Amino acid sequence: MKQPVTPVSRYADGACVGVLLAIALVDVLVGPEVTLLTLFAAAPAFAASRATERVVVGTGLFAGALAVALALHDHLLGSPQGFGPLLAVGLVTAFSAAAARSRVRHQHQLTRMRDVVGAAQQTIIEPLPATAGPARIAASYESAADAAQIGGDFYEVAPIRDGVRLVVGDVQGKGLSAVRTAAVVLAAFREKHLSPPAWRRWG
């Protein structure tokens, strides 16, 4: 599943490249007496928090290329002062890419679970009637977050001989278990107050 590229992610990518170039410029200006090569390892670690594995690897390669160029410029490529930072960039890139892959996989699993639970919830959802007996009905549901759309909130209306009976409830928790409990409660309410052909479901 391809992740969308947002203005925030583009800004973060540009900021990361800008920081790497700034580090390289400072390293060139200060000369070989002060080496900043180790700082390049921070770039793939930062990318792992929001980017895909491919982007993390690309960031690590770019950081490594800059580090190699600076090591050559400062005559440190074959020395411990040059080898250590380059090794750090490589190791951090590898671990960061693995972390990014795990994070993206987890996000995809959560997305699939939300789709499954949402489909299950739709099986008990139908709009409330505009009227029920002598009453006019209107309902609106707004969640505090997108994930809260999937859960145990429910309400139903049923006309009875003397007026209208309403049920409004919220099952503790979220996910399939909450949807299942809400469905059981609604089924009991409808069995008592509605004949099966007149059932109008809402969850």
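Of the residues making up segment 174-203, those that are in a loop (DSSP other than H, G, I, E, B) and either modelled with pLDDT of 65 or more or open to solvent by 60 Å² or more (accessible area, probe 1.4 Å) (or both) are 175, 194, 195, 199, 200, 201. Residues in segment 152-173 that are open to solvent by 30 Å² or more (accessible area, probe 1.4 Å) and among the small types (Gly, Ala, Ser): 173 alone. A residue that is at pLDDT below 85, under 14 Å from residue 27 (Cβ atoms), open to solvent by 60 Å² or more (accessible area, probe 1.4 Å) and out of contact with any Cys (no Cβ under 7 Å at 6 or more places or on another chain) occurs nowhere in segment 82-94.
Of everything in segment 109-147 that is part of a loop (DSSP other than H, G, I, E, B) and among the β-branched types (Val, Ile, Thr), the residue that is modelled with the highest pLDDT is 137. When segment 29-54 is filtered for residues that are farther than 16 Å from residue 66 by Cβ and not aliphatic (A, V, I, L, M), the ones remaining, listed by number, are 31, 33, 49, 50, 52, 53, 54. Of the listed requirements (1) in a helix (DSSP H, G or I); (2) without any contact (Cβ under 8 Å) to a residue 12 or more places away in the chain, residue 38 misses just one: (2). Selection over segment 49-81 of residues that are in contact (Cβ under 8 Å) with a residue 12 or more places away in the chain, open to solvent by 80 Å² or more (accessible area, probe 1.4 Å) and part of a helix (DSSP H, G or I) gives a count of 3.
The values are calculated or read from the model by the stated rules, or taken from the named source; none is laboratory data. Treat the numbers as computed from the prediction; the structure is a model and nothing was measured. Note: ideal-geometry Cβ built from the backbone for every residue, glycine included; neighbour counts use all protein chains shown. Side chains are part of the model used for accessible areas, which takes the heavy atoms of the whole protein and leaves out ligands, DNA and RNA. Shrake-Rupley method; radii C 1.70, N 1.55, O 1.52, S 1.80 Å.
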